[in-house]
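Colleague: The structure is given below, and queries will be raised subsequently.
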Amino acid sequence: MMYLLPALIAALVVISATASVSSAVGPYDTIGSGDIWVVVASVLVFLMIPGLALFYGGLLRKESMISILVQTTIVVILSAVVWIVCGYSLAFSGGEGGIIGNLDYLFLDELIDDMAAGYGTDSLLFAVFQMKFVLITAAIIIGACAERIKFRTIGILAVLWPLLVYVPACHWVWGGGFLASNFTIVDYAGGTVVHTLAGMSGLALAVFAGLRAKKIRDSQPHNVPLVYLGVFLLWVGWYGFNGGSGLGTGGTIVRSIVTTTGSAVAATFVWMAAEYYFKKQVTVIGLGTGILAGLVFITPMAAYVSVSTSFAVGLIGGTICYIFSHLIHVTLRERIDDALDVFVVHGVGGIFGTFLTALFVQAKYGSPVDGLLFGGNADVLVGNCVAVAVCAVFAFVVTYAIIFLANLIVPGKIGEKEIEEGLDVIEHHEDAYN
């Protein structure tokens, strides 16, 4: 039944929205077909949150299942508050060519008033759709420090990280800030703003949290079926993530969904082949990681490339992520404990995916410019590289400062004995499998 949940919810939203179209009697009730799809896409992206929580929880020990569910929920709730109160306004209003926007859309009231005046739903719907991006991005980063930081400290992170990391970077790249104003940047759905920020922020959290005991790092995922379910919920949600970023209907949606699929399956093939060649086995964890790697790599270019190109992106992305996974888990094993491979999947995928975007995009598919391999000039390569570098350094430094400060205000970094006992027991007094 759970496999039917995404389709059921999406169908209900479409039916409800369609009814609104047929019975529209005023500005609040008017919605177009393009708006309907963005509403559905928003719901699909929101489904990525329980998918991520189940994916993370299944990968951890059973003693940490409740902890990751609670922390994911806290992050989503507090990040949503920040976005509605002032996050959207600071990211997308005013501040052209600058560092941050203004407070014209505080609490989104101005957007509600515009809608009531008959100016359409586009701005408010865009704010809602973009809210799902900040929610899932903030939830992604906590996987890097799983099992080592209490939820009260994570709560402070959940307020400050969207406000001080996500919102400024979103303004710089998508909101008309200094990066967008001074460089040619192509980032369709979040290679920089979502995945580079998530990966580098996750790396900062992993460095701060330190190493778990070797036996815990070597422990096997406690529930592989949950991992499997989580991966496919994320994949379904990604169709809304990439498909909805065109903010309309038509060929952009279909192309984004097909290229998203192409990259995911190609990267998964690489991961499967590599596992079988080097380890003589194919695992659910490996397949799931390959799927996510392909999804991340295609995100910044999903609507702007051909289907054949998406397969190439997936093959390249799967290879790069597999190599970095080996480097992190073998070469840097005693230095970095990124519990759930946030940097390997999102950081590496976001950084290199944004670089590949500058090579592969085509204007005939709606890209603002052609990539280098299709007759474009070096401006987009320079712009994308600058955007990645700025976002990566900014995310790492500010995230580390935030978690360091949060731990001073409300100490939450725990020791080896507490880690072994598990946060489910010592903090939440709840068992996931009673």
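The values are calculated or read from the model by the stated rules, or taken from the named source; none is laboratory data. This is a predicted model, so every value here is computed, not measured. No Cβ is skipped: glycine too gets one built from the backbone with ideal geometry, and neighbour counts run over all protein chains shown.
Colleague: With respect to ALA189, determine if the residue is assigned to a loop (DSSP other than H, G, I, E, B) and within 21 Å of the chain's Cα centre (by Cα).
Modeller: yes
Colleague: Could you list all residues from the stretch 119-170 that are under 17 Å from LEU405 (Cβ atoms), β-branched (Val, Ile, Thr) and in a helix (DSSP H, G or I)?
Modeller: Matches in the stretch 119-170: ILE141, ILE142, THR153, ILE154, ILE156, VAL159, VAL165.
Colleague: Continuing with the same structure: Could you tell me which of the residues ALA339, ALA312, ALA303 is at pLDDT 95 or above, within 25 Å of TYR239 (Cβ to Cβ) and within 21 Å of the chain's Cα centre (by Cα)?
Modeller: ALA303
Colleague: Another question, then. Restricting to the stretch 304-339, name every residue that is part of a helix (DSSP H, G or I) and surrounded by 24 or more Cβ atoms within 10 Å (Cβ to Cβ).
Modeller: Those that are part of a helix (DSSP H, G or I) and surrounded by 24 or more Cβ atoms within 10 Å (Cβ to Cβ): TYR304, THR309, SER310, VAL313, GLY314, GLY317, GLY318, CYS321.
Colleague: Is it fair to say VAL369 is more than 19 Å from TRP161 (Cα to Cα), modelled with pLDDT of 95 or more, hydrophobic (A, V, I, L, M, F, W, C) and in a loop (DSSP other than H, G, I, E, B)?
Modeller: yes
Colleague: Something else: Would you pick out the residues in the stretch 70-106 that are polar (S, T, N, Q) and in a helix (DSSP H, G or I)?
Modeller: Within the stretch 70-106, GLN71, THR72, THR73, SER79, SER89 qualify.
Colleague: Considering only the stretch 146-200, how many residues are within 24 Å of LEU381 (Cβ to Cβ) and either touching a residue at least 24 places away in the same chain (Cβ under 8 Å) or touching a Cys at 6+ places or on another chain (Cβ under 9 Å) (or both)?
Modeller: The total comes to 32.
Colleague: Of the residues VAL284, VAL254, only one is exposed (fewer than 15 other Cβ atoms within 10 Å of the Cβ), β-branched (Val, Ile, Thr) and over 19 Å from LEU52 (Cβ atoms); which?
Modeller: Matching residue, one of VAL284, VAL254: VAL254.
Colleague: In addition: Here's a check for you: in the stretch 400-434, which residue that is farther than 28 Å from MET200 by Cα, of a type outside the set (A, V, I, L, M, F, W, C) and touching a residue at least 60 places away in the same chain (Cβ under 8 Å) is surrounded by the most Cβ atoms within 10 Å (Cβ to Cβ)?
Modeller: HIS428
Every residue, every condition in (1) modelled with pLDDT of 85 or more; (2) in contact with an Asp or Glu (Cβ under 7 Å, 6 or more places away or on another chain), yes or no:
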| residue | (1), (2) |
| --- | --- |
| LEU4 | no, no |
| SER22 | no, no |
| GLY26 | no, no |
| VAL45 | yes, no |
| ILE68 | yes, no |
| GLY97 | yes, no |
| ASP104 | yes, yes |
